[in-house]
Every structure is written in structure tokens, then in C-alpha cells.
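Reviewing the structure listed below.
The values are calculated or read from the model by the stated rules, or taken from the named source; none is laboratory data. Note that the coordinates shown come from a computational prediction; the quantities given were computed from them, not determined experimentally. Cβ: placed from backbone, ideal geometry, glycine included. Neighbour counts: every protein chain shown.
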Amino acid sequence: MASSAYDTLYRWARGTTPGEATRNGGEALVYRLRHWPELPPVHRTADVYRALSLMSNRPVNRGWFLRHSRIKARELDRLLDRLVTQGCVDVVDVSNFGRPAR
């Protein structure tokens, strides 16, 4: 599914682009499912469905996925990139949360 110009500008304004959302070790970005994605057969597994179900209830980060699921890092990166590209997730950078204001 191709991104529209609006989606590209929206992700740019929010500071997330496909690929960028999964690069920083997985702890600073959290993902919350907005709507169910279109999945290719390779991602139609119990682990992926379980992860998506959890993401519909609360935000989780990449590190959580790697510690609590059997999804391999490369497969997880492809899944997260697909979810971001489809606009299925809200991506929030929590690295600045809890820091005192200057």
C-alpha cells in the first residue's frame, strides 16, 4: 500500500518515517495500534496477532516485543515499518518524558 503525500508529510511533521521508527534500540519509541492492519501471510502468526492485540490496549516498545515474544528482530522491524507505513499505529517518542524543563 503506497503512502499518500499527506501521510508522508504527517510522518515528517511528527518526526517518524518508515524505518526511522525502529532504529534507536527500541526503547525510546512506543507504538499503539490505531486500527487493524492489512497483513501479508508471513505476518499472520499467533505471535503477531498477540502483539497487535496487546498494542490495541496499551503502547509497547520494540524492546518489549523482543523480550516477550518469539518475533525475531528483523521480522519485528519489518512489521513495525509496515504498521507505520499503513498508518496503523501511533508512534510516540518517550525519550523526553520525565526530563526536567530547562
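Before moving on, here are some points about what is shown:
- Of the residues making up segment 8-27, at least one is assigned to a helix (DSSP H, G or I), among the aromatic types (Phe, Trp, Tyr) and modelled with pLDDT under 90.
- Total residues in segment 52-83, condition over 18 Å from PRO41 (Cα atoms) and among the β-branched types (Val, Ile, Thr): 1
- Subset of segment 44-53 that is hydrophobic (A, V, I, L, M, F, W, C) and at pLDDT 90 or above - its residue that is nearest to the chain's Cα centre (by Cα): LEU52
- Segment 25-51 residues that are within 13 Å of ARG82 (Cα to Cα), paired with ones that are among the polar types (S, T, N, Q) and assigned to a loop (DSSP other than H, G, I, E, B) (beta carbon under 7 Å, 6 or more apart): LEU33/SER56
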